[in-house]
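Every read-out reported here was derived from the displayed coordinates using simple, explicitly stated rules and does not represent laboratory data. Computed from a prediction, not measured in an experiment: that's the story for all the values here. FYI the Cβ positions are ideal-geometry reconstructions off the backbone, even for glycines, and counts take in every protein chain you see.
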Amino acid sequence: MKKIITIGGSNSKQSISKQLAEYTGDLINNVELINIDLSNYNLPLFSVDVESENGFPEKANELNELLDKADGFIVSLAEHNGAYSVAFKNMFDWLSRIEGKVWRNKPMLLLATSPGARGGMTVLEIALGRFPYHGAEIVGHLSFPLFNENFINSEIVNLELKTSLVGLVEDFERVL
């Protein structure tokens, strides 16, 4: 059975990016989902000094091993001041030191969301430019705006957004 990792790009307990990633993962049939909660990977702030003095943190190695086992990724980014959240960026920095091709040249469905009308579009553009250098085979991407208005009671209520997401999931399933 294929293994899909979902990652929400925030360590917030109420992370909307995590909710969107896991919802999207649940749309895929006949896969094992591994839902990553960044709050379970509290890593020291990345620094080459910390790395040289202490090596890689145990939690970074643990997460890296999970990524090795994945057949694909669903990543939903949070946007903090137009960029990745600190929790995601720090995790990404540690992982890229362990394995430069963080995403292992595997398929990825890349999402971003926010409570605002742009839906994390700025951070999505950053990731679209950066992630392929780290081995992401981006199958599709979606900016999901106005999360709190478009995702109610654990369901997408905006038909256009839901149709777009389902289409992306079908594309993702085809390449798995």
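Rounded to the nearest 10 degrees, the angle from helix 121-130 to the longest Cα principal axis of the chain is 50 degrees.
Among 124, 109, 63, determine the one that fluctuates most according to a GNM of the chain built with springs between C-alpha atoms less than 10 Å apart. Of 124, 109, 63, the most mobile in the Gaussian network model is 63.
Per-residue ellipticity at 222 nm from helix content only, as computed over the chain with -39500 (n - 2.57) for each DSSP H run of at least four residues, stands at -12500 deg cm²/dmol. Once each of the trypsin sites (Lys or Arg not before Pro) sitting in a DSSP loop with at most 15 other beta-carbon atoms within 10 Å is removed, the chain keeps 14-100 as its longest stretch. Relative to the longest principal axis of the Cα atoms of the chain, helix 86-98 runs at roughly 50 degrees.
Assuming R0 = 25 Å, can you tell me the calculated FRET efficiency for the pair residue 29 and residue 158, based on Cβ-Cβ distance, to the nearest 0.05? With R0 = 25 Å, the Cβ-Cβ based efficiency is 0.65. Cα centroids of segment 78-147 and segment 42-76: 16 Å apart. Going from the residue with the fewest nearby Cβ atoms within 10 Å to the one with the most, 122, 113 rank 122, 113. Counting neighbouring beta carbons within 10 Å and listing from fewest to most, the residues 49, 93 come out as 49, 93. Amide H to amide H, with H built 1.01 Å from N, residue 9 comes under 5 Å of 18, 76, 77, 78, counting only residues 5 or more places away or on other chains. Round to the nearest 10 and give me the degree value, 0 to 90, for the angle of helix 16-26's Cα axis relative to the longest principal axis of the chain. With both axes taken from Cα atoms, the answer is about 70 degrees.
Computed on the chain, with alpha-carbon pairs under 8 angstrom and 6+ residues apart, the relative contact order is 23 percent.
A value for Cα extents along the principal axes in Å was derived from the coordinates, and within the list (1) 48, 36, 31; (2) 52, 36, 27; (3) 129, 52, 29 it appears as (2).
For segment 71-76, 3J(HN,Hα) computed residue by residue from phi via the Karplus equation (6.51, -1.76, 1.60; θ = phi - 60°) reads 9, x, 9, 10, 10, 10 Hz, glycine and proline entered as x.
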